[in-house]
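Data first, discussion second: the structure below is written as structure tokens.
The values are calculated or read from the model by the stated rules, or taken from the named source; none is laboratory data. Quantities reported herein were computed from a predicted structural model and do not represent experimental measurements. Neighbour counts are summed over all protein chains in view; Cβ atoms, including those assigned to glycine, are modelled from backbone coordinates with ideal geometry. Each accessible area value is taken on the protein alone, full model and side chains, heavy atoms only, with ligands, DNA and RNA left out. Shrake-Rupley method; radii C 1.70, N 1.55, O 1.52, S 1.80 Å.
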Amino acid sequence: MNGAEHPAGRYGNPELLDRLAAAYVLGTLGRLPRRRFERLVRSRESAARALKKWESHGAALAAVVPPVQPSSAVWRGIERRTGLGAPASRQWAGWLRPALGFACGLLLTVGVVRLQPDWIVSADLPPQAVLPASYVGLLTDAEGRPAALASSRRRGMDLSVKLLQPLAVPAGQVAVLWALPKGRAPFRLGALQAAPKQMLKMSDSSEALLSEVDELGVSLEPSADSSRPSAAFVLRGHCVKLW
Amino acid sequence: MHDPAGLDGLLARVALRDRAAFRQLYDACAPQLLGVALRLLRRRDLAEDVLQEAFAGVWQRAAAYRADAGTPMAWLTALVRNRALDLLRAERVRATESLDPADAERRADERPDPLGLLEQAADALHLRRCIDDIEGPQRQCLALAYYHGLSHSELAAHLGSPVGSVKAWLRRGVERLRRCLEHLE
């Protein structure tokens, strides 16, 4: 590669990037140059590539270090920090609070439905006029702010999505909503539009599709038809069956 | 060392919030990573903190890991080393080193020494001849910098040489090592 092809300054030089990445991984860069190189990695794909290459060299050098068994306190600390070891209610606290008002309203209705199932079963009204949503998902953004609410009736094939904040979708990309079933690959629920309220048609009833799904996620995909998420989730959150 | 395919699968399941996979990933990788952190930080409490922080980060950010970005072990090693190096450079953790009562015991655990580790790595990578060709002081600086995280001034004190010489050795040493490792691709 010729230096003239890299008008973006000295960091366009692959040789220099490689040298910086090597020094970064070997730990011979001082604190400030380390920060500078990290910024460079975030902004330039070529720097990120050089770093990845050196990270794998570094791992090869590190592989000969004799292992040391961590004390059991380390895993307990990890569980505490991630909320994994806590009782279920603790893990819920983070996302449940913003949804609490919504859920309480639903539960009240559920209570009524449970106590008086005849009201529905024998009613002439179409079921969706009475039944509250059975599956509810609250998705949050990277900062943990509630960003979207998805809900569906148990036997319904419609998934109602409400965007709680505008969803930034770069030109040429599509926001796709995925269901993340426990221990299985995510599957596509549908593409999201910019509208604050929208309805996705699902391929089957929510009971059939969502009963083992404990999370929902939104990723930005090159095509609305992507069958597997190809990028990190920009929104993500728990999905629960309310009744 | 570790089966990269197995770790890849575990990490994918961790991204889907599979707790059992998270524990398996921890069991498979944590001892190796703690060894690395302990060499750098030389204090077990700090090394374990770094390991804990790194794994908490893995749980939050496993979805951000991309298989094309290198092996999971490379990703995890970088996570742990970067945290440990930041801690080393930000705080004078070394200053309290000699107060640690486990110091003597720790030193006994520090075999092989950094140069020995570099030689072992060279053997494992079939690069022994190339790495042996790096001049003594350069090789020693590299090994101490990589495995023990010594800064320029610490290297100078350790080797009893001026900082200027250390910087030059390191620069040339990194360059030589870079050429050796390039043969890996």
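Couple of notes before you dig in:
- Options A:PRO170, A:PRO196, A:PRO222: the member that is over 20 Å from B:LEU11 (Cβ atoms), more than 14 Å from chain B (Cβ to nearest Cβ) and modelled with pLDDT of 85 or more: A:PRO222
- Condition broken by B:LEU34, with the remaining ones in (1) in contact with a helix residue (DSSP H, G or I) (Cβ under 8 Å, 6 or more places away or on another chain); (2) closer than 27 Å to B:GLU154 by Cβ; (3) free of Cβ contacts under 8 Å to residues at least 24 places away in the same chain; (4) open to solvent by 30 Å² or more (accessible area, probe 1.4 Å) satisfied: (4)
- Every pair of residues 6+ apart whose Cβ atoms lie under 6 Å, when the first sits in the stretch B:122-134 and is assigned to a helix (DSSP H, G or I) while the second is surrounded by fewer than 18 Cβ atoms within 10 Å (Cβ to Cβ): B:ALA122/B:ARG128
- Qualifying positions in the stretch B:127-157 - surrounded by fewer than 18 Cβ atoms within 10 Å (Cβ to Cβ), more than 11 Å from chain A (Cβ to nearest Cβ) and under 20 Å from the mean Cα position of the chain (by Cα): B:ARG128, B:GLU154
- Condition met for B:LEU181 (modelled with pLDDT under 90 and either open to solvent by less than 40 Å² (accessible area, probe 1.4 Å) or not assigned by TED's automatic domain parsing to the domain that holds B:THR77 (or both)): yes
- Any chance B:ARG13 is open to solvent by 60 Å² or more (accessible area, probe 1.4 Å) and in contact (Cβ under 8 Å) with a residue 12 or more places away in the chain: no
- Every condition in (1) polar (S, T, N, Q); (2) in a loop (DSSP other than H, G, I, E, B); (3) buried (at least 19 other Cβ atoms within 10 Å of the Cβ) holds for A:SER223 except the one numbered (3).
- Flag for B:GLU97 being at pLDDT below 90, loosely packed, with under 15 Cβ neighbours inside 10 Å and within 12 Å of chain A (Cβ to nearest Cβ): no
- Flag if A:ALA175 is in contact with a helix residue (DSSP H, G or I) (Cβ under 8 Å, 6 or more places away or on another chain) and either modelled with pLDDT of 85 or more or among the basic types (Lys, Arg) (or both): no
- Top-ranked residue in the stretch A:143-159 [being open to solvent by 40 Å² or more (accessible area, probe 1.4 Å) and not in a loop (DSSP other than H, G, I, E, B); ranked as modelled with the lowest pLDDT]: A:PRO146
- Among residues of the stretch A:18-39, those that are open to solvent by less than 50 Å² (accessible area, probe 1.4 Å), part of a helix (DSSP H, G or I), under 17 Å from B:LEU170 (Cα atoms) and in contact with a helix residue (DSSP H, G or I) (Cβ under 6 Å, 6 or more places away or on another chain), counted: 8
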